[in-house]
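These notes are about the structure you will find just below.
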Amino acid sequence: MANGGFEDVNTCTEYKVECAPEAWISSSNGFSNYFKDPRRAHSGKNCMVIEAGHFIKEYNRTFIRSRLLCGLRKGNKYQLSFFIKSPHDVFDSTGILFTYRDPLFDKTPVKSLTPTYYLRSFLQPRKQLDSSWQKVDLVFKATGEERFIVFAYFAKEDFTDERIHPLENRFFIFLDDISLVPVNPNETICHDWERVKEDIYAENERHRYLEIKIKQFKANPPPPPPVTINTSYVKVDTLVLPDILFDFSKATLTPRSHKILDSFCMKIQRSQPDSIIIEGHTDNVGSFEMNEQLSIDRAFAAKLYIMKKTGYYNIIAKGYSFLRPVADNKTAEGRQQNRRVEVLLFMRE
């Protein structure tokens with residue numbers, strides 16, 4: 001699934017501004033259903049909302065949808081995970097729909113659709129309504145027909161409630177950090193996912209241009225997009241370089257790190273890997289921008305060392321700042337675990 005954290009921002013064709021996330025399209029205006037506010041997001045800077053209803057307008061609800069990067073293998077199991085929150089009593093009828101055709105061009109209103117899953121089966125009842133994030137984890141068996149994923153409020157009746165704020169008429173459901181992964185750890189992404197991602201990110205119609213496109217295709221819907229289902233199976237070997245193998249708050253590898261990296265470089269030369277991905281991570285002390293640069297610099301330091309030792313150049317280095325912690329940043333021990341560089345070695349079987 002592309003851009004599950006909504007951090008990649010789309011520049012729409014119409015206004016030439018960053019008004020919506022890449023890969024996700026709302027049935028409403030992109031401006032109103034996309035929040036670029038770290039205080040509202042579960043992690044990172046951005047999150048997305050769907051509208052369960054409206055204080056004034058009857059059956060005024062929205063959905064968000066995304067096209068899947070790869071087809072799912074029929075009969076295989078996949079885990080869908082995401083975070084959700086709402087101050088309203090809406091989770092009982094909020095759901096996920098996997099569909100073969102693009103829901104943007106479906107003439108059937110959301111209230112008449114039946115989701116693949118209702119959240120009530122995967123969330124504990126709330127003792128009181130609040131706006132805290134809740135994680136949803138569900139495992140499902142694929143039919144092989146999945147092309148799009150939709151999040152919406154699927155109740156047959158209109159949702160009504162009191163306003164949370166006197167100036168806000170909409171009843172929001174917040175979503176963030178959506179992921180879809182195979183349960184089998186050896187099943188990996190399809191070989192042409194990067195091309196498909198480019199196609200998905202090229203969907204730049206929002207606002208009035210999107211309304212025109214929807215109107216045209218509702219009369220004559222396009223065929224479902226082709227997908228690649230022949231996912232490959234690879235073995236993944238991981239080397240974790242802790243913070244102590246770098247100079248304090250710098251991207252310089254210490255002499256102690258060389259022995260560890262040299263051993264891993266010998267493994268690279270023996271195995272002839274398909275690809276290598278290096279990811280830099282930090283704790284949450286300091287600004288996002290400062291930590292992002294440090295995480296990138298450290299990942300590139302490891303990349304340059306490996307390239308020099310092995311002559312292997314198919315290496316991707318990325319920095320994630322403090323967006324992907326593995327431990328609690330509230331403790332010194334947790335922060336130390338989060339300051340790390342991970343070297344992922346992919347070997348195709």
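Listing for the model above:
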read-out	value
Mean separation of Cα contacts under 8 Å (6+ apart) over length of the stretch 234-348, as relative contact order %	42 percent
Phi-based couplings in Hz for the stretch 156-171 (Karplus 6.51, -1.76, 1.60; Gly and Pro marked x)	6, 8, 5, 8, 10, 6, 7, 5, 7, 9, x, 9, 10, 8, 8, 9
Estimated FRET transfer efficiency when R0 is 56 angstrom, pair Lys16-Lys250 (beta carbons, to 0.05)	0.90
Linear extension gain, Leu129 paired with Asp262, 0.36 nm per residue minus alpha-carbon span	42.5 nm
Nitroxide proxy distance, nm - points 7 Å out along Cα→Cβ at Met290 and Tyr100	5.5 nm
Lone cysteines, the chain (no partner Cβ under 4.7 Å)	Cys12, Cys19, Cys47, Cys265
Size of charge dipole - the chain - debye, nearest 20, with Cβ of Lys, Arg +1 and Asp, Glu -1, no other charges	500 debye
Amide H partners (placed H, <5 Å) of Cys19, local residues excluded	Asn10, Cys12
Phi-based couplings in Hz for the stretch 219-226 (Karplus 6.51, -1.76, 1.60; Gly and Pro marked x)	6, 9, x, x, x, x, x, x
Angle between the chain longest axis and helix 288-310 axis [Cα atoms, degrees, rounded to 10]	50 degrees
Selected from Lys250, Lys213, Lys127 as most flexible by GNM, with the chain as the system and alpha-carbon contacts under 10 Å	Lys127
Calculated [θ] (222 nm, deg cm²/dmol) that DSSP helices of n ≥ 4 give over the chain, each run adding -39,500 (n - 2.57)	-6500 deg cm²/dmol
Rounded to whole Hz, the Karplus (6.51, -1.76, 1.60) HN-Hα couplings of the stretch 238-248, x for glycine and proline	10, 10, 9, 9, x, 4, 5, 8, 10, 4, 4
Rounded if a/c under 1.5, otherwise prolate or oblate - the chain, Cα gyration tensor axes	prolate
Listed pairs Lys127/Lys330; Lys57/Lys135; Lys107/Lys127; Lys85/Lys197 exceeding 32 Å between Cα atoms	Lys107/Lys127
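Coordinate-derived values only; no laboratory data. Owing to the predicted nature of the structure, the values given are computational and were not obtained by experimental measurement. Every residue, glycine as well, gets a Cβ built from its backbone with ideal geometry; the counts of neighbours run over all protein chains shown.
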